[in-house]
Amino acid sequence: MGERKLCYGCMQFKTETEKICHNCGYAEGTPYDPNYIAPGTVLNERYAVGAKLGHNSEGATYIGYNKSIGCKVLIREYMPQGLCVRVKNKATISVNPSHVVQYKALMAEFTELNKTLAQMRSLQHINPTLDLFATNNTTYAVYEYLEGIKLVDYLKDNAGELTWKQVSEMFPPFFTTLSLLHNSGIIHRGISPDTIYVTPRGELRLCGFSISTVRTAHTELPCEMFHGYAAPEQYAPSTRQGTWTDVYGICAVLYRILTGCKPTEAPSRMENDNLCEPYEMNPNIPRHVSRVIMRGLNLFGADRIQTVTELVTQLFEQVPEPEPKPVPVEPAYRPRPQQVRPAPQPVYDDDDYDDDYDDYNVDDRDSMIDRIKIPIIIAVLLTCVLMVIAIVVLNLLDMGPGGTTSRPLEPTSSTTETVDNIVTEPPVQDTTAATIQSGDSNMPDLRGRDYETKKRQFEAEGWIFLEATYDYSSEYKKGQIISQSIEPGTSFNSGITMQVVVSKGPSKVKIPAYEGKTLKEYEKELDALGLRDFYVTEAVTNYKYETGEVIELNVEAGDMFDLTGDDTLKIYYASNPETTTAETTTAIETTTTAQQTVTTTAPPQQTETPATTPAPPPAETDPPATQAPPAEPEQAE
């Protein structure tokens with residue numbers, strides 16, 4: 001069986017006469033999107049590419065077939081949206097000249113991510129990289145073909161949710177793998193029921209790895225957000241991301257599995273956080289598990305559970321708190337307590353009572369008054385003496401030698417305090433800093449980003465409005481932002497207008513070679529270098545060149561052209577009248593004869609121009625020698 005018998009929909013073999021695959025229903029000759037690789041293309045002399053399975057702003061994923069070992073694979077092609085295009089009817093990718101820097105930088109991140117995944121291929125709960133190679137002006141990563149279904153489809157087959165017992169059996173190995181990924185520096189940023197697969201053996205596999213730019217809003221690539229599972233910091237590029245970002249995602253997945261409902265999206269929660277605890281939606285969820293999930297869904301990264309290890313510890317090793325005992329309900333009828341009568345008091349005779357009181361109580365009362373009276377009198381006297389002394393001392397300190405006060409009793413508003421001959425002015429409040437710190441957003445770093453892309457993104461959302469001034473720069477490509485009026489990381493209120501400086505490209509450009517190029521081709525090349533407004537064209541007649549072909553410049557190719565000066569680049573190109581072949585030959589011979597005659601009669605200081613090459617113009621205002629009209633017959637003789 002050869003490759004032509006492969007079904008490009010499922011990569012299963014079929015008979016030669018079978019036009020529609022009996023396994024998946026894919027028909028031969030099914031139309032495909034020309035922006036992606038054509039089914040049947042062979043990459044690296046090893047992998048046959050099938051139908052496209054999906055794509056995001058980073059690239060596309062295809063089903064493939066490894067011809068070396070005979071198995072199905074997944075092929076991921078790096079093809080960032082907006083930075084490159086597919087060459088028509090080819091697998092090669094053409095990069096936009098103004099986005100070459102971004103294209104290469106993101107491709108390096110894509111390559112590094114897959115190299116790290118290839119080193120972790122021993123982990124059973126991820127879909128690791130099996131091969132990585134570069135061709136067609138891009139990079140390809142090959143993964144194992146996943147057998148199984150997505151977790152979101154698995155939940156649909158299980159009444160929409162799972163019990164905590166089922167979760168506690170399925171997820172511990174998955175948590176261990178995720179922790180090892182974090183230790184290797186990989187943050188997924190897209191954990192959701194759509195990126196977790198359940199294998200036929202009931203094991204979980206994490207897939208869908210992408211570069212960080214794809215999973216963060218307001219970057220150079222359109223973002224791929226799994227709303228409800230994406231952390232709040234993914235919506236703000238200036239906010240720091242880390243392991244706690246994936247903790248938010250996995251806790252959101254647990255919330256969806258245990259309650260059957262997807263959590264509210266982070267931006268909505270930032271405005272009005274009304275997310276219910278899992279226990280309130282499903283009383284069968286243990287209370288401590290419900291509280292741990294809510295701590296993992298905290299909107300503020302610093303207050304959230306920071307690592308997967310900490311999450312596992314709180315979920316599985318924490319002893320559940322005992323359920324509160326029900327409060328007993330009091331009966332409607334309560335027996336009235338019996339009243340206890342006080343014991344009878346002895347009856348005293350008035351005469352006896354007066355006698356006893358006179359003999360005992362009066363004496364005790366007098367002795368107690370005597371004991372308290374003396375200390376009170378002493379305390380009052382001491383207090384009075386201290387007050388008099390204090391008044392005298394204060395008067396002595398405030399009175400000068402002449403009996404007048406030495407300083408004002410109440411300082412005025414213009415008085416400054418003097419301590420050890422150092423004058424301290426009243427502190428001035430910095431209202432500007434207070435205003436800046438009260439913003440609702442943090443300013444991202446826009447340096448090196450494409451101005452037009454950022455302008456469209458920000459203004460479409462009403463977040464920031466950009467106003468540009470342009471300047472030359474050898475460090476930044478044309479169209480990239482050089483500087484911004486508000487420093488990165490500064491707080492600001494949404495809807496402001498910020499000034500940015502945009503690069504016009506380098507101030508000096510190397511003049512490219514023109515030999516063998518038409519005027520349109522050469523103009524396109526000059527326009528790409530930013531020379532659109534710095535050159536003029538002039539048509540000349542020269543039958544040694546095809547009409548429209550560039551003949552000469554007023555400067556040397558390879559020289560540096562200064563865009564800040566007043567020089568103008570002049571392009572001479574052939575513009576020959578339409579003639580027959582014989583007329584053309586005669587015109588060439590006549591032109592050559594005329595050149596020889598002019599050379600013979602020219603002054604001695606002039607040099608002869610070879611007939612085989614076009615003569616450069618002697619001055620900017622004079623036409624080149626090849627422009628001279630055919631000589632008169634008598635001159636030719």
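A few notes on this one:
- Criterion applied to Thr139, Thr116, Thr177 was being within 30 Å of Ala38 (Cβ to Cβ), hydroxyl-bearing (Ser, Thr, Tyr) and not in a loop (DSSP other than H, G, I, E, B), and the one residue passing it is Thr139.
- Criterion applied to Thr139, Thr116 was being out of contact with any helix residue (DSSP H, G or I) (no Cβ under 7 Å at 6 or more places or on another chain) and not assigned by TED's automatic domain parsing to the domain that holds His227, and the one residue passing it is Thr116.
- Residue in the stretch 503-549 that is surrounded by the fewest Cβ atoms within 10 Å (Cβ to Cβ), counting only those that are at pLDDT below 85 and at positive phi: Gly530
Every residue, every condition in (1) acidic (Asp, Glu); (2) within 20 Å of the chain's Cα centre (by Cα); (3) farther than 26 Å from Gly64 by Cα, yes or no:
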{"position": "Thr135", "(1), (2), (3)": "no, no, no"}
{"position": "Val152", "(1), (2), (3)": "no, no, no"}
{"position": "Gly185", "(1), (2), (3)": "no, yes, yes"}
{"position": "Glu203", "(1), (2), (3)": "yes, no, no"}
{"position": "Ile211", "(1), (2), (3)": "no, yes, no"}
{"position": "Val214", "(1), (2), (3)": "no, yes, no"}
{"position": "Glu220", "(1), (2), (3)": "yes, yes, yes"}
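- Taking residues in the stretch 21-43 that are within 24 Å of Ser68 (Cβ to Cβ), and partners anywhere that are aromatic (Phe, Trp, Tyr) and part of a loop (DSSP other than H, G, I, E, B), the pairs with Cβ atoms closer than 7 Å and at least 6 places apart or on different chains are Tyr26/Tyr8; Ala38/Tyr32; Pro39/Tyr8; Pro39/Tyr32; Gly40/Tyr8.
- Pick from the stretch 51-78, criterion among the aromatic types (Phe, Trp, Tyr) and either touching a helix residue (DSSP H, G or I) at 6+ places or on another chain (Cβ under 7 Å) or within 30 Å of Val100 (Cβ to Cβ) (or both), ranking: surrounded by the fewest Cβ atoms within 10 Å (Cβ to Cβ): Tyr78
- Any hit, the stretch 192-207, residues being modelled with pLDDT under 95, of a type in the set (Gly, Ala, Ser) and either in contact with a strand residue (DSSP E or B) (Cβ under 7 Å, 6 or more places away or on another chain) or under 22 Å from Thr453 (Cβ atoms) (or both): no
- Tally, over the stretch 222-231, of residues that are closer than 25 Å to Ser179 by Cβ, surrounded by fewer than 23 Cβ atoms within 10 Å (Cβ to Cβ) and hydrophobic (A, V, I, L, M, F, W, C): 2
- Scanning the stretch 119-152 for residues that are among the small types (Gly, Ala, Ser), farther than 21 Å from Val253 by Cβ and in contact with a Ser or Thr (Cβ under 6 Å, 6 or more places away or on another chain) yields one hit, Ala141.
- Consider the stretch 232-285 and keep the residues that are in contact (Cβ under 8 Å) with a residue 60 or more places away in the chain and β-branched (Val, Ile, Thr). The one that is surrounded by the fewest Cβ atoms within 10 Å (Cβ to Cβ) is Thr239.
- Pick from the stretch 425-471, criterion polar (S, T, N, Q), within 25 Å of Leu221 (Cα to Cα) and not in a helix (DSSP H, G or I), ranking: modelled with the highest pLDDT: Thr469
- Boolean, Tyr472 is surrounded by 14 or more Cβ atoms within 10 Å (Cβ to Cβ), in contact with a strand residue (DSSP E or B) (Cβ under 7 Å, 6 or more places away or on another chain) and not assigned by TED's automatic domain parsing to the domain that holds Leu563: no
- Every condition in (1) of a type in the set (A, V, I, L, M); (2) surrounded by 17 or more Cβ atoms within 10 Å (Cβ to Cβ); (3) not assigned by TED's automatic domain parsing to the domain that holds Tyr255 holds for Leu155 except the one numbered (3).
The values are calculated or read from the model by the stated rules, or taken from the named source; none is laboratory data. These numbers were taken from a predicted model, which means no experiment stands behind them. Please note: Cβ atoms are built from the backbone with ideal geometry, for glycine as well, and neighbour counts cover all protein chains shown.
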